[in-house]
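Read the structure below first, then the notes.
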Amino acid sequence: MQEIRIIPCLDVKEGRVVKGVKFVNLRDARDPVEASQQFGKSRLVVAIDGRKNPPGSGLPRLEVVVKSGTESTGMGIVEWAKRVEKLGAGEILLTSKDADGTREGYDLEMTKAVAEAVSIPVVASGGAGKLEHLYEAVTIGKAAAVLAASIFHFGEISISEAKKYLKEKGIPVRV
């Protein structure tokens with residue numbers, strides 16, 4: 001098994017880190033610079049709502065180059081994953097809108113289906129609420145990496161705690 005990556009994610013809207021459930025009812029979490037400092041040298045994903053970050057908000061303006069993630073492609077998730085792999089994607093960040101922010105665990109069935117259908121790494125995203133969820137995403141969902149927001153935003157679990165937990169469970173973790 002390759003080393004698993006643990007990736008914190010900061011969702012940014014109007015210059016603030018926010019978190020909601022299923023992408024609605026967003027609540028302020030804190031300042032993005034302050035939040036990013038807790039992760040040290042860890043890889044960090046910053047999801048920016050380009051439509052909601054006006055000039056002067058401290059974030060660069062973004063040009064939208066792809067369709068919104070809320071629009072249907074008319075394809076099933078596995079078909080879509082195979083297509084983007086064929087088009088040259090090097091990795092898939094797979095977020096379950098239904099699980100996002102719920103803290104009830106990743107969508108393991110969807111993650112496993114995509115991970116088994118493609119040869120590129122799949123990053124599980126959406127739903128982490130406890131350390132066991134990270135473990136399940138890797139062992140059951142076959143994810144190459146786990147991305148989480150809420151558990152890291154609010155200081156419930158640190159990156160080092162997550163790495164230690166997975167190592168203790170026999171999962172190799174990227175340092």
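The values are calculated or read from the model by the stated rules, or taken from the named source; none is laboratory data. Since we're looking at a predicted model, the values are computed, not measured. Heads up, the Cβs are rebuilt from the backbone with ideal geometry, glycines too, and the neighbour counts pull from every protein chain shown.
Quick check on SER158: is it small (Gly, Ala, Ser) and either surrounded by 14 or more Cβ atoms within 10 Å (Cβ to Cβ) or free of Cβ contacts under 8 Å to residues at least 24 places away in the same chain (or both)? It is true that SER158 is small (Gly, Ala, Ser) and either surrounded by 14 or more Cβ atoms within 10 Å (Cβ to Cβ) or free of Cβ contacts under 8 Å to residues at least 24 places away in the same chain (or both). Checked against the criterion of being in a helix (DSSP H, G or I), among the polar types (S, T, N, Q), surrounded by 24 or more Cβ atoms within 10 Å (Cβ to Cβ) and touching a strand residue (DSSP E or B) at 6+ places or on another chain (Cβ under 7 Å), region 110-118 has at least one qualifying residue. What number of residues in region 152-175 are more than 17 Å from the chain's Cα centre (by Cα) and in a loop (DSSP other than H, G, I, E, B)? Summing the residues that are more than 17 Å from the chain's Cα centre (by Cα) and in a loop (DSSP other than H, G, I, E, B) in region 152-175 gives 5. The strands (runs of 3 or more DSSP E) found wholly in region 1-100 and carrying at least 2 residues that are modelled with pLDDT of 75 or more occupy 5-13, 24-30, 92-95.
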